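Here is the structure we will look at.
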Amino acid sequence: METVTITAKGISVSLDLAVGHIAAMEIEAEGGRVLKPLHRAPWVGSSRESMPQNLPAGTVRLSGDFLCAPFSTSDVEEAPLHGWTANSEWDVVDNGAIAGGRRAVFRLRRKVMGAAVDKIFTLRDGHPFLYQEHVFSGGSGAISVAHHPMTAMRGGGRLAFSPKRLAVTPPTPLEPDPARGRFRMAYPARATDLAHFPLAAGGTADLADYRMEDRREDFITLVEADHGGLGWTALARRAEQDLVLVLKNPAELPVTMLWVSNGGRDYAPWSGRHVGVLGIEDGRAAVGHAASLGDNWLKQEGVATAFELTEGRSVSFRHVIGSVPFADAEPPVDLESADGRLRLVATDGSARGIAFDSEFLRIGRSVPA
């Protein structure tokens, strides 16, 4: 696997150039601990002949985080699932030291809707975060986008979110055929209370609770509330004793799509072994490129689902992934960013601060359509 690794003090990130997936992310913590917040599928590295021949490259090498452009089905411009950004080769354009860290720029060999696509990674000494930006230059039409970070748990965990106004499942589940898999949530369904989302069997479930005993594939979209601050997801992983953090600017990426993949697919290459995985997929998208451009349910809620592309103009959006040691059972109730620190606010009002680039996500700036 051809990868490029960039490092700063206390952190390293490796990119699989064949498909643009993060192959590894390691964060050094106190006491010699090494935190690994991102997941790689158990079949990565197996012989291609051992897997179904129709699998897209991005599934064959499913790892870490990657850019979806479009998100899900490519039914406007021909491409595999999640687009060429998640399935084809990237080149290293720049990789060098910056003041207090490291910066690397990668360029997709293919174009997306006529646009050139750059991926920019920045690591800062002593910061437990990957700061990333994607830039679309030129092109025409519109493109839906989403990040696709995946983490995995051995013993489940608890989630917390920035304020959301709505949670919605699509019309049909990911695995409707009981001979191939299973699901737990009701489809379609919606709720404004994330602690009480409808279940297919009746009753409700707390979306903040990831339980290992619930073997299932589920997908649900969370719509950001108008709160004017950071968009974030925090996951306290029980067995790993850490806190996985995923942050965004809600003006750029107004939805967070949760993919629960906990042994809910019985066919190859999943084969019931993709267990304890959670995708935290911040995006500007509906499910599918054509759906994102059409009159979808999110647009009816006033939520943007694509970026417009224009020759001579660029569009960019930013995203942050990180992890810190964390022994509490409950994740923070709030995250606050200011003066080069990210404050994790606990249920009792106490807070701890960690090094963070407070200007990176540019909260409050205007975002082009």
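Of the GluC sites (Glu not before Pro) found in the stretch 177-224, those that fall in a DSSP loop while having at most 14 other beta-carbon atoms within 10 Å are GLU213.
Students often check this: by mean Cβ neighbours within 10 Å, which of 244-252, 258-266 ranks highest, and how do the rest follow? Spell out each step's value before the answer.
Values: 244-252: 24.6, 258-266: 20.7.
The most tightly packed comes first, giving 244-252, 258-266.
Quick one: compute the contact order of the chain, relative version, from alpha carbon pairs under 8 angstrom and 6+ residues apart, as a percent.
Details: 1001 pairs, mean separation 64.3, N = 369.
The value is 17 percent.
Take the stretch 199-309, drop everything but the C-alpha atoms, weight them equally and run the Debye formula without solvent; then report log10 I(q)/I(0) at 0.12, 0.18, 0.20 Å⁻¹ to two decimals. After summing over all Cα pairs, the log10 values are -0.53, -1.07, -1.19.
Where does each of 116-125, 45-54 land if you order them by average Cβ count within 10 Å, highest first? Intermediate values should be presented prior to the final figure.
Details: 116-125: 20.2, 45-54: 8.9.
Per-residue mean Cβ counts within 10 Å order the peptides as 116-125, 45-54.
Label sites at THR3 and ARG110, each approximated as a point 7 angstrom past Cα along Cα to Cβ, lie 2.3 nm apart. Each 10 Å bin from zero holds the following percent of Cα-Cα pairs in the stretch 152-200: 21, 41, 35, 3.
If we sort 348-355, 311-318 on the protection proxy, mean other Cβ atoms within 10 Å, highest first, what's the order? Don't jump to the answer; show the numbers that get you there.
Details: 348-355: 11.9, 311-318: 15.6.
Peptide ranking by packing, descending: 311-318, 348-355.
Note on volume of the Cα convex hull per residue in Å³: of the candidates [x] 232; [y] 145; [z] 136, the value calculated from this structure sits at [z]. Based on DSSP H segments of at least four residues, each scored -39500 (n - 2.57), the chain has a per-residue ellipticity at 222 nm of -500 deg cm²/dmol. Its relative contact order, with pairs defined as Cα atoms under 8 Å and 6+ residues apart, puts the stretch 145-210 at 30 percent.
Kindly identify the stretch 38-168 as rounded, prolate or oblate by the Cα gyration tensor criterion: order the square roots of the eigenvalues as a ≥ b ≥ c, call it rounded if a/c is under 1.5, otherwise compare a/b with b/c, prolate if a/b is larger, else oblate. It is rounded, given that a/c, with a ≥ b ≥ c, falls under 1.5. Each Lys or Arg adds one and each Asp or Glu subtracts one; over the other residues with Cβ under 15 Å from the Cβ of ASP266, this totals +3.
Computed extension gain for VAL44 through ASP348, at 0.36 nm per residue and net of the alpha carbon distance, reaches 105.2 nm. Among the lysines of the stretch 3-355, pairs that are 8 or more positions apart or on different chains and have alpha carbons within less than 24 Å of each other number 10. Panel values: the stretch 35-88, Kirkwood radius from alpha carbon pairs, Stokes-Einstein at 4 °C and 1.567 mPa s, translational diffusion coefficient 108 µm²/s.
Relative contact order for the stretch 11-123 using alpha-carbon pairs under 8 Å, separation at least 6, rounded to a whole percent? Show your work: numbers first, answer last.
On the way: 208 pairs, mean separation 23.8, N = 113.
The normalised contact order for the stretch 11-123 reaches 21 percent.
The numbers here are math on the coordinates, done by the rules we state, and not lab data. Please read all numbers here as calculations on a predicted model, not as lab measurements. Counting neighbours? That spans all protein chains shown, and the Cβs are built from the backbone with ideal geometry, glycine included.
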